[in-house]
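See below for the structure under consideration.
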């Protein structure tokens, strides 16, 4: 038996550390757990708290570009649960973060929308 009980963290590699750090901490409001500069790799690792979960934000010199369409093979998108999708959409747009109009999940009837991080990674907010 595999025995996993939860996802511990999601790792994201960014192309512009300062821009992504600002986006995830100042715009999305995720709490910094720890920030580490790894001199041997010339990179940062930023651990962020998202409710009871974590995101690890990495920077590496000269990272290759990757497809980031929600329909591309691999990680489709990262979704965050929120109380009020419309309120979050208004907030994101007030900070000039481009976001799609609200959709309704045909299976659950709950609202959701997509937006992108500074590296074009598809992110979703989904109604609790």
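The numbers here are math on the coordinates, done by the rules we state, and not lab data. No experiment lies behind these values; they were computed from the predicted model shown. In this analysis, Cβ positions are derived from the backbone assuming ideal geometry, glycine residues included, and neighbour counts consider all displayed protein chains.
Evaluate E = 1/(1 + (r/R0)^6) for residue 93 and residue 25, where r is the Cβ-Cβ distance and R0 equals 30 Å; express this FRET efficiency to the nearest 0.05.
For R0 = 30 Å, the calculated efficiency reads 0.95.
Measuring from centroid to centroid over Cα atoms, what is the spacing of the range 85-123 and the range 20-44 in Å?
Centre-to-centre distance over Cα atoms comes out at 23 Å.
Expressed as a rounded percentage, what relative contact order does the chain have, with Cα pairs under 8 Å and six or more residues apart?
22
Nearest 10 degrees, 0 to 90: what angle lies between the long axis of helix 85-94 and the longest principal axis of the chain (Cα atoms)?
Helix 85-94 sits at roughly 60 degrees to that axis.
Only Cα pairs under 8 Å and at least 6 apart count here; give the relative contact order of the range 67-128 as a rounded whole percent.
The value is 41 percent.
Once every DSSP H run of n ≥ 4 in the chain is given -39500 (n - 2.57) and the sum is divided by its residues, what mean residue ellipticity at 222 nm do you get, rounded to the nearest 500 deg cm²/dmol?
The per-residue figure over the chain is -3500 deg cm²/dmol.
With an 8 Å Cα cut-off and a minimum separation of 6 or more residues, compute the relative contact order for the range 7-64 in percent.
Dividing the mean separation by the residue count of the range 7-64 yields 42 percent.
Given the options 61, 118, 52, state which has the largest fluctuation in a GNM of the chain using a 10 Å cut-off (strictly under) for Cα springs.
It is 52.
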